[in-house]
Amino acid sequence: MADIRQRVKEDQGILKKIQMFVPGFRGYRQREDLRDADRMLRDQLAKKLGAQREEIEEARSLVTKSFKSKELELMGKVINQYKKTEGLVSHSSPGYSGISADIQFKQDEISRLYDYDASMIDGLESMQQAIDAIKAALEAEENQQARKSIAQLRALIENFEDQFKRRIDIIQGTEV
């Protein structure tokens with residue numbers, strides 16, 4: 001996956017380059033580009049979480065057909081966990097606040113946010129593998145393996161959410 005920071009710099013058109021030439025406008029333009037890139041990343045993370053949640057909801061139908069109440073309960077918890085995390089990502093603060101906003105931070109801090117985002121993208125891939133394992137176990141009616149994969153997915157979602165909360169701490173300047 002190409003580094004989004006470099007891609008944003010490369011995608012700045014001629015007009016933006018001219019605008020950046022104007023004294024005082026350059027920093028503002030770069031910050032707005034970073035903010036847009038941050039918003040796009042968060043939107044994509046939220047979309048992927050939503051798509052994975054929908055896959056789990058579809059897989060839950062395999063459980064309902066076989067009347068396995070324990071797995072059904074576990075799947076419901078995973079779905080709720082997905083909804084919570086998806087909402088957190090969708091409605092979080094933008095990665096850069098404007099010039100006059102209460103919270104401002106430097107470009108190196110934005111870069112740290114992108115590092116968190118890249119890590120969360122890797123987490124999404126691991127979560128997808130766990131979803132695939134859940135579906136395979138449910139289709140094969142391997143209850144123990146399904147429960148193990150569901151527990152693994154819950155741990156991965158918790159890790160994703162923890163990473164995102166640390167990201168928010170960076171934004172708010174409360175990271176320890």
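None of the figures in this text is laboratory data; all of them are computed from the coordinates on show. No experiment lies behind these values; they were computed from the predicted model shown. Methodologically, a virtual Cβ is constructed for each residue, glycine included, from the backbone with ideal geometry; neighbour enumeration extends over all protein chains shown.
When the Cα convex hull of the stretch 129-174 is projected onto planes of every orientation, the mean area is 3.2 nm². The tail of the calculated P(r) for the stretch 105-156 beyond 13 Å holds 62 percent of all Cα-Cα pairs.
A Förster distance of 22 Å, applied to the separation of the beta-carbon atoms of residue 51 and residue 129, puts the FRET efficiency at 0.95. The calculated FRET efficiency for residue 79 paired with residue 109, based on their beta-carbon distance and R0 = 45 Å, is about 0.85.
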